[in-house]
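The values are calculated or read from the model by the stated rules, or taken from the named source; none is laboratory data. Since the structure is predicted, the reported quantities are computational estimates derived from the model, not experimental observations. Counting neighbours? That spans all protein chains shown, and the Cβs are built from the backbone with ideal geometry, glycine included.
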Amino acid sequence: MTALATTGRLTGAYLAVALVALLGGVLTGLAQALEHAGINVYPALAPAVQSYYHGLSLHGVLNVLVTCRGTRWCRGRRAAGCSATRWRGRRSCSSWCCPRRSVFTTSTRTPASTRAGSSSTRS
Amino acid sequence: MILFAFGGIGGLVNASFSLNRLVHNTAWIPGHLHLTVGTAVTLSFMGITYWLVPLLRGRALWSRRLALAQVWSWAAGMVIFSNALHRLGLMGAPRRTMLGAAPYIQPEWQAVLPLVGVGGAILTVSALLYFLNLALTLVASRTEYPHGVAFAEAMSGPEHAPAIFDRWRPWLALAVVLVVLAYGPSLARLIASTPLDAPGMRVW
């Protein structure tokens, strides 16, 4: 497995943790909102969530600490992966996320010839 | 970003010493937080994943229209939810409190409390649509994602930068100048105007 594929898997792992945490944060949040509306669901949630205040802590920790950190780390990793590939002289960072296909297949990037010319003038 | 503006407006109240006395530790605070972190940050992250997950998977997002519906339903749910919490806060309802079981619940809170549940339910449905779209992108999307990240090219590389920028001394000198400019006048005025001959306090 290449380093680029590893970066993609690592990014996916960060995202998976963040999204699972977000789901937990959403469900505990729903329980709190329903409680304010007069619907007490906490007896049904025991023993996973033992009280309103247990759910309150879970809601905050899962959403703000785990989800936000996880998503931000994942973005940081991604940026680091891209810049590292560029400094190693590769053409594009797109190969890390989809290593099976060749790069430079869409028109969003600079043509390869231009880029090759500019890199040769640098060296 | 529209809701974030209201989060910023409410934030001025939190940051103001005198106004904060009205809303401190009331439901206003979670109402404010859900506009800033719960909407601006969360929708940004959701937008990022709508872009990043197809990129990682190599498949197009399962439904673009579902994603748009999800974002707008999140905004709508948050308007109801956060507005209710702000109003409750102004009426003195405490934050992080199991209000349904509170013996001191006020009659005027009664009309607003159900809106918290309504907003929360809409937000939950929106979040479930989000997870559904991502899950279907992973397992059911058959369209190849036109992958490749558009990348900005630097107009000039590090080899074109003046060598003096690589030295510590000019940056540190510039930092000192800026610090003196920023804090110097205030410090000078404080030193000049503060009486330094206040008598000591006898505390015993």
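So if I check each of B:F151, B:F131, which one is within 24 Å of B:A60 (Cα to Cα) and part of a loop (DSSP other than H, G, I, E, B)?
Working: B:F131 fails: part of a loop (DSSP other than H, G, I, E, B).
That would be B:F151, the only listed residue that is within 24 Å of B:A60 (Cα to Cα) and part of a loop (DSSP other than H, G, I, E, B).
For the range B:1-31, give me the residue count where each residue is closer than 17 Å to B:R87 by Cβ, β-branched (V, I, T) and part of a helix (DSSP H, G or I).
4
Can you tell me how many residues within the range A:14-44 are more than 7 Å from chain B (Cβ to nearest Cβ) and either among the acidic types (D, E) or surrounded by fewer than 16 Cβ atoms within 10 Å (Cβ to Cβ) (or both)?
Adding up the residues that qualify gives 5.
I'm told B:A135 meets every condition in (1) out of contact with any Gly (no Cβ under 8 Å at 6 or more places or on another chain); (2) over 30 Å from B:R65 (Cα atoms) except one. Can you identify the failing condition by its number?
Of (1) out of contact with any Gly (no Cβ under 8 Å at 6 or more places or on another chain); (2) over 30 Å from B:R65 (Cα atoms), only one is false for B:A135: (2).
Identify, by number, the condition in (1) crowded, with 21+ Cβ neighbours inside 10 Å; (2) within 28 Å of A:V17 (Cβ to Cβ) that B:V116 doesn't meet.
Single failed check for B:V116: (2).
Looking for something touching an Asp or Glu at 6+ places or on another chain (Cβ under 6 Å), surrounded by 10 or more Cβ atoms within 10 Å (Cβ to Cβ) and either within 25 Å of B:L35 (Cα to Cα) or among the small types (G, A, S) (or both) - is there at least one such residue anywhere in the range B:102-112? Let's see the steps before the verdict.
As a first pass, look at the range B:102-112 and keep what is touching an Asp or Glu at 6+ places or on another chain (Cβ under 6 Å): none.
So far as the range B:102-112 goes, no, none of its residues is touching an Asp or Glu at 6+ places or on another chain (Cβ under 6 Å), surrounded by 10 or more Cβ atoms within 10 Å (Cβ to Cβ) and either within 25 Å of B:L35 (Cα to Cα) or among the small types (G, A, S) (or both).
Would you please name the residue that is farthest from B:Y145 (Cα to Cα), looking only at residues in the range B:53-77 that are of a type in the set (D, E, K, R) and either surrounded by fewer than 16 Cβ atoms within 10 Å (Cβ to Cβ) or not assigned by TED's automatic domain parsing to the domain that holds B:N133 (or both)?
B:R65
Given (1) assigned by TED's automatic domain parsing to the domain that holds B:N83; (2) among the hydroxyl-bearing types (S, T, Y); (3) more than 30 Å from B:W51 (Cβ to Cβ), identify the lone condition not met by B:S186.
(1)
For the range B:126-137, check the following and say yes or no: at least one residue is at pLDDT below 95 and facing chain A (nearest Cβ under 8 Å).
no
Can you tell me which residue in the range B:138-173 is nearest to the other protein chains (Cβ to nearest Cβ), limited to those that are in contact with a helix residue (DSSP H, G or I) (Cβ under 9 Å, 6 or more places away or on another chain) and of a type in the set (G, A, S)?
B:G148
Restricting attention to the range B:64-82, which residues are among the aliphatic types (A, V, I, L, M) and in contact with a Gly (Cβ under 6 Å, 6 or more places away or on another chain)? Even if it seems obvious, please write down each step before you answer.
Of all residues in the range B:64-82, those among the aliphatic types (A, V, I, L, M) come to B:66-69, B:71, B:75-76, B:78-80.
Within the range B:64-82, B:I80 is the sole residue that qualifies.
Go through (1) closer than 30 Å to A:A5 by Cβ; (2) in contact with a helix residue (DSSP H, G or I) (Cβ under 8 Å, 6 or more places away or on another chain) for B:G58 and report which single condition fails.
All conditions are met except number (2).
Which one of the conditions (1) at the interface with chain A (Cβ under 10 Å from one of its Cβ atoms); (2) out of contact with any Lys or Arg (no Cβ under 9 Å at 6 or more places or on another chain); (3) touching a residue at least 60 places away in the same chain (Cβ under 8 Å) does B:G119 fail to meet, given that it meets all the rest?
Single failed check for B:G119: (3).
Can you name every residue in the range B:168-204 that is surrounded by 10 or more Cβ atoms within 10 Å (Cβ to Cβ) and basic (K, R)?
Scanning the range B:168-204 gives a single hit, B:R189.
Inspect the range B:134-154 for any residue being surrounded by fewer than 16 Cβ atoms within 10 Å (Cβ to Cβ), acidic (D, E) and in contact (Cβ under 8 Å) with a residue 40 or more places away in the chain and give the result as yes or no.
yes
Given the conditions (1) of a type in the set (A, V, I, L, M, F, W, C); (2) out of contact with any Gly (no Cβ under 8 Å at 6 or more places or on another chain); (3) modelled with pLDDT of 95 or more, and given that B:A102 satisfies all but one, which numbered condition is not satisfied?
(3)
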